[in-house]
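Structure record follows, encoded as C-alpha cells.
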Amino acid sequence: MPLTYWHLYNIYYICCNKSLNHIYTMKHLFLGKLWVVLLSLFCVCSVSARKPIKTLLITGQNNHNWQVSHVVLKQILENSGRFSVDFAVSPSQGQDMSGFVLDFTPYELVVLDYNGDSWPEETNKRFLEFVQNGGGVVVYHAADNAFSKWPEFNRICALGGWEGRNEDSGPYVYWQDGKLVKDSSAGPGGSHGQQHEYVLNGRNKENPIMKGLPLKWRHTKDELYDRMRGPGNIGDLLYTAYSDKETGGSGREEPLVFTVDYGNARIFHTMLGHAGATVEDNTAMQCTGFQVLLLRGAEWAATGKVTQKVPKDFPTETQCSYRKDYKEKK
C-alpha cells in the first residue's frame with residue numbers, strides 16, 4: 001500500500017511522542033536525583049549549623065592537677081565540634097571567695113572540675129536553681145570529693161569520697177550478686193589503690209549514653225575509686241570495675257560511671273580520668289574510652305540525647321586505645 005501524507009504524519013507523531021516521553025522521563029530522573037542531593041546537603045548543613053552546647057567548666061582549686069585537667073576537658077569537648085566551653089576559675093585556695101559569683105543562665109551544661117573552698121552562698125543558690133530547673137551537669141573525677149557538708153551537692157553527686165566522709169554521709173554503694181548494694185557499715189568514705197589498667201564492666205544497655213558501646217573495655221592506667229559513700233541516688237549504673245586487693249583496692253565491684261536521680265536534672269558522673277603531670281603526659285585522660293564516655297555523657301546531660309556514633313578506635317576488652325591529641329582521627 002502506498003504511503004500517504006496521513007501515514008507519514010502518523011509515523012512522525014509517534015516518533016516525536018516517544019522522544020518527548022524519553023525527554024520527560026530523563027527530566028524526572030534528573031529532578032529526582034537533584035532533590036536527593038539537595039536534601040542531603042540540607043541535612044549536612046543543618047548538622048554543621050547546629051549551635052554548640054554552651055558549657056561552663058568550674059575549676060581553679062583541686063587536690064588534683066586542675067591546671068592540666070581543665071585545659072584537657074575543654075580540648076576534648078570542643079574538638080568534637082559539639083560544645084563551646086567557658087571557664088570559671090576560682091581564686092586560689094585560702095583567698096577571698098566572695099567575688100566568685102557565677103551566672104549560670106547562659107549555659108546548658110556545667111562541668112565540675114572543682115574541689116576546694118566553699119563557694120559564696122549566692123553561687124550555691126544559683127547552681128541549685130540551674131540544676132533543679134533541669135540543667136545538665138557533668139561530675140568529673142575528684143569533683144565528687146568537694147563540699148562534704150553540703151547535702152544538696154552530695155545528692156547531685158550521689159557518691160563522694162574523702163573530706164571527712166563516713167557513715168553519716170550515707171552508705172557504701174557497690175555491685176554484688178547482680179545488683180547495687182547499699183552498705184551502712186561504719187568507716188571512711190573514699191580510697192583507691194595504685195594506678196593500673198583495668199576493665200570496665202557495662203551494667204546498662206538501654207541508656208542513650210551506652211547505646212552501641214561494648215559492655216567490656218580496657219581503660220588505660222588510672223586511679224580506681226572505691227569505698228565511696230553518699231546518698232546513693234544512682235539513676236542508671238553504666239559501668240563498674242573490680243577494685244582488686246592486689247593493687248590496694250577494696251576487693252569489690254565499684255560503681256565508676258553512672259547517671260544521678262535528682263529531680264528534673266540530667267547528671268552524668270564519671271570517676272575516671274586522673275590528670276597527669278602535663279597535657280602531653282596524661283595517660284588516663286588520653287584514653288579513648290574516657291573521652292568518648294565524657295562526650296556522650298555531656299551531650300546527654302545537656303540535651304537528653306546522644307547523636308554521636310561509636311568510633312572505630314574505641315578500646316576492646318584486651319586492648320587500650322589512646323587519643324593523645326584529644327580528638328578523633330578522621
Partner aspartates and glutamates for Lys221 [C-alpha distance under 16 Å; skip if fewer than 8 residues away on the same chain] = Glu197, Asp244, Glu246, Glu280, Asp281, Glu317
message = If I model the stretch 196-246 as equal point scatterers sitting on the Cα atoms and use the Debye formula, what is log10 I(q)/I(0) at q = 0.17 Å⁻¹?
response = -0.62
message = Between helix 66-79 and the chain, what is the angle of the helix's C-alpha long axis to the longest principal axis, kept within 0 to 90° and rounded to the nearest 10?
response = 10 degrees
Approximate spin-label separation Glu152-Gln176, in nm, with each point projected 7 Å along Cα-to-Cβ = 3.4 nm
query = If r is the Cβ-Cβ distance from Asn124 to Gln67 and R0 is 35 Å, what FRET efficiency results, to the nearest 0.05?
reply = 0.90
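Given N residues in the chain, what is Rg(Cα) / (2.2 N^0.38 Å)?
Numbers: Rg = 27.7 Å, N = 330, 2.2 N^0.38 = 19.9 Å.
Rounded to two decimals, the normalised Rg is 1.39.
Find how much the distance from Val101 to Asp183 grows on full extension, using 0.36 nm per residue of separation minus their present alpha carbon separation; answer in nm with one decimal.
Working: separation 82, 0.36 × 82 = 29.52 nm, distance 3.75 nm.
Difference between extended and current length: 25.8 nm.
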task = Take the stretch 282-330, compute every pairwise Cα distance, and split them into 5 Å bins from 0; I just need the percent in each bin.
result = 4, 21, 28, 24, 15, 6, 1
remark   = Links exceeding 31 Å between C-alpha atoms in this model, out of Lys179/Lys245; Lys149/Lys179; Lys245/Lys312; Lys211/Lys324; Lys216/Lys324; Lys125/Lys309, come to Lys245/Lys312; Lys125/Lys309
note = Given backbone amide H placed at 1.01 Å from N, residues whose amide H is under 5 Å from that of Asp222, ignoring those fewer than 5 places away on the same chain, are His196, Glu197
request  = Evaluate the relative contact order of the chain (contact order divided by residue number), counting alpha-carbon pairs under 8 angstrom at least 6 apart; express in whole percent.
outcome  = 16 percent
remark   = If the chain between Asp168 and Asp313 were fully extended at 0.36 nm per residue, the gain over the current Cα-Cα distance would be 47.9 nm
ask   = Points 7 angstrom from Cα along the Cβ direction at Ser92 and Lys330: gap in nanometres?
value = 4.1 nm
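Considering only the chain, what is the antiparallel percent among its DSSP beta bridges, to the nearest 5? Before the final figure, lay out the partial values.
Numbers: 28 of 48 bridges.
For the chain, the DSSP antiparallel bridge percentage is about 60.
So what's the convex hull volume per residue for the Cα atoms of the stretch 69-166, in Å³?
Working: hull volume 10.6 nm³, N = 98.
Expressed per residue, the convex hull around the Cα atoms of the stretch 69-166 is 108 Å³.
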remark   = The computed P(r) of the stretch 132-239 puts the percent of Cα pairs beyond 16 Å at 64 percent
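A short reminder: the numbers here are calculations on the coordinates, not readings from a lab. None of the values given here were measured: they were computed from a predicted structure. A quick note on method: Cβ atoms are made from the backbone with ideal geometry, for glycine too, and the neighbour counts reach across all protein chains shown.
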